[in-house]
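So the structure is just underneath, and the comments pick up after that.
The values are calculated or read from the model by the stated rules, or taken from the named source; none is laboratory data. Since we're looking at a predicted model, the values are computed, not measured. Glycine also receives a Cβ, built like all others from the backbone with ideal geometry; neighbour counts cover every protein chain displayed. All accessible areas refer to the heavy atoms of the entire protein, side chains included, with ligands and DNA or RNA removed. Shrake-Rupley method; radii C 1.70, N 1.55, O 1.52, S 1.80 Å.
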Amino acid sequence: MRAIPLGLLTPDDARFAGGKARGLDALLKAGLSVPRGWAVLEPESDPAPLLEAWRAAGSPPVAVRSSAAMEDGAAASYAGQFLSLLDVRSEQVLREALTRVAASQKQPTAYGGSAGVAAVVVQEMIEPEMAGVAFGRDPATGEGVVIEAVLGRGDALVSGAATPDRLRVAGEKREGSTPLVREMERELLGRLAGLEKLFGVPQDVEWAVLKGRLWLLQSRPVTPTAAILLSDLRRSSREDTCWSAAYSLAETCPAPTPMTWEFLKRMMSWEGGLGRAYRRFGFFFREDVKRDGFLRLCGGRLYADLGLEAASYFGEWPLAHDLDALRQNPALAARPELKPDWKRASAAFWLKLPWYFWKLSSAQRRLTAARASFPAEFADWERAVRTRTSLRASSPAQFRERFRRCTEDSAEMAITASILASAEWERTPAPKRGDLRAWMPSDLAHRGPAEMELAEPRWRERPEELERFRREAPAGRDAGGIYALRERGKDALLLETETLRLDLLEFGRASGLGTDVFFLTPEELDRPDPALAARRRRERESLLRIPLPTLVFSRGATAAPTSGAGLSPGTAEGVAWLPASPAETPPAEAVLVVASLDPSWTLLFSRVRAVVSGRGGLLSHGAIVARELGVPCVLWPEALERLAAGTRVKVDGDRGTVHVT
């Protein structure tokens, strides 16, 4: 056993001390009033070190509380799941309390499974005149601060046995009251604001008042609710905007793990593949987009700030999305159209207007020139990718270099190919767009569901399914021209990301982390922290249980609930089929209903009457395949919520509608 005084934890100690001990330790290091105590590591071993420290402190009455690895985390508090024992006054009772509290951490919880490595906090008791809890953010609304108070000790409050006085403060508005004097109330409100800055997130605090002094007994992140998550997202922008989970990247990676989130952030940054591709053509990010990007993670999901995304093409040029149209028809978010909004133009923009027109003309010339020059450069890169993917990274440093090359060099080539293919689509008259033939891969082994997610297995790791796909999937198709480079570029990039996955799996085996390696970042591979990775995994699982909308608006009403958009023309009737995997066999008259147009679902398109998807764009792989196979396809964000398996439906890809018949 190790008994470490709170306030003296080293980074190594903190890895094993659990959430409660880490929070208290941080409070003491910040100079705040916290009762004296110890973080107890390895609590089931010989308690002599703790008993010696307790006797040296005068054998005061103590509280013995759990501080398990997963406890008091950013997404799950494990509140009330483990034993806490108060008023422990003798050595024998203290020994027993340590054993009982540690044992309680091994029991199944309401969250599923245990809470990780056992640890305990032992703290000196105080007998306050008043105590309570305070939330740095109201869980119900996502706004304002909530304080709850009872006379005497607060254990009756947190256990649910007492009804507290309650005060809610939001700006200048106050609702309710507590017995706290106004001066102490102001101090507590100030503490909550300071703790949010200290920890980076709003805190859930247990507090007490003794002889006019405010004591902090615990500080942990406020457990996220949908209201808090959406409030935080709205606070991230000062503009009138919309955050979209229907952005094209979310089609193949809707909820990235930490490693994949690092990959996406770097790839879509000004220094990464997106910025490098844009610079080829003279496009440029606005300064705030250069600094912060336009992708956000909310509740574990990937969102794009469409206001910032609009500012990633020509800086201050006042491009904007029609937010009112998105509210009326959320499906438009899958293929949003940018239009100038001259009312938003700044004075600086008007002064530089001739320069902007020159930049537009220059970009058009570069796009035209690239149609002739880029295919040869692309072919060289494609050959290089297929050569180097057979090599394994032998160290974290080599992996980081490969990660950099993939998010910068290779992503630049794939995104450049996509830009040129999109330009080819736009410059082709609508009646002739059917002549544009997309390239389709003949080898699916390195592809898979959610294939931009590094943690997701590829088809080669599912040999039975891969063999079936090779027998039943439409044959690969070669195609020439600029338009074909889009899918070829994506395929080569995914071949390189599979190499990253294989490297990470090997690091996971060597370190004992297993698949938890995907919950670290490239910089953390030199000294992997199993507790940190496991905690992040559990936090992500908790966040993904919170329902969030596809579109989040900074102002005004939410999106209309029943709109759709056509992605592939034609009409068909059939029975709604909601498979869990592309490996399932469709029933007769099946209308495939899926969360996204992930390319893995396209293997079923030739055997269903129509497709209805919750996410996907007009130029997504799935939409292209549907059009080329003549399968009607409609984008409907609420498809999975509104359509039950077995329901008979009519799908109209021309009008973008789905009707229950």
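Values as computed for the structure displayed
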read-out	value
Hits in the range 502-517 (condition: part of a helix (DSSP H, G or I), open to solvent by 10 Å² or more (accessible area, probe 1.4 Å) and either in contact (Cβ under 8 Å) with a residue 12 or more places away in the chain or touching a Leu at 6+ places or on another chain (Cβ under 7 Å) (or both))	Leu502, Leu505, Glu506, Phe507, Ser511, Thr515, Asp516
Selection status of Thr225, hydroxyl-bearing (Ser, Thr, Tyr), over 21 Å from Gly18 (Cα atoms), open to solvent by 20 Å² or more (accessible area, probe 1.4 Å) and out of contact with any strand residue (DSSP E or B) (no Cβ under 7 Å at 6 or more places or on another chain)	yes
Cross-chain or 6+ apart pairs with Cβ under 7 Å, the range 29-45 first and closer than 27 Å to Gly190 by Cβ and open to solvent by less than 10 Å² (accessible area, probe 1.4 Å), then in a strand (DSSP E or B) and of a type in the set (D, E, K, R)	Pro35/Glu124; Gly37/Glu124
The range 569-591, residues that are in contact with a Phe, Trp or Tyr (Cβ under 7 Å, 6 or more places away or on another chain) and on the phi > 0 side of the Ramachandran plot	none
Residue check for Ala162: touching a Phe, Trp or Tyr at 6+ places or on another chain (Cβ under 8 Å) and either small (Gly, Ala, Ser) or open to solvent by 30 Å² or more (accessible area, probe 1.4 Å) (or both)	no
Pick from the range 287-314, criterion part of a loop (DSSP other than H, G, I, E, B) and in contact (Cβ under 8 Å) with a residue 40 or more places away in the chain, ranking: farthest from the chain's Cα centre (by Cα)	Gly299
Tally of residues being hydroxyl-bearing (Ser, Thr, Tyr), in contact with a Phe, Trp or Tyr (Cβ under 9 Å, 6 or more places away or on another chain) and closer than 30 Å to Glu185 by Cβ across the range 215-260	2
Residue within the range 538-545 that is without any contact (Cβ under 8 Å) to a residue 40 or more places away in the chain and touching a helix residue (DSSP H, G or I) at 6+ places or on another chain (Cβ under 7 Å) present	no
Residue that is modelled with the lowest pLDDT [pool: residues in the range 101-137 that are surrounded by 14 or more Cβ atoms within 10 Å (Cβ to Cβ), farther than 22 Å from Val209 by Cα and not hydrophobic (A, V, I, L, M, F, W, C)]	Tyr111
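Condition check ((1) modelled with pLDDT of 85 or more; (2) surrounded by 14 or more Cβ atoms within 10 Å (Cβ to Cβ)) across all residues:
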residue: Arg383; (1), (2): yes, no
residue: Ala393; (1), (2): yes, yes
residue: Arg400; (1), (2): yes, yes
residue: Glu408; (1), (2): yes, yes
residue: Ala414; (1), (2): yes, yes
residue: Lys432; (1), (2): yes, no
residue: Glu467; (1), (2): no, no
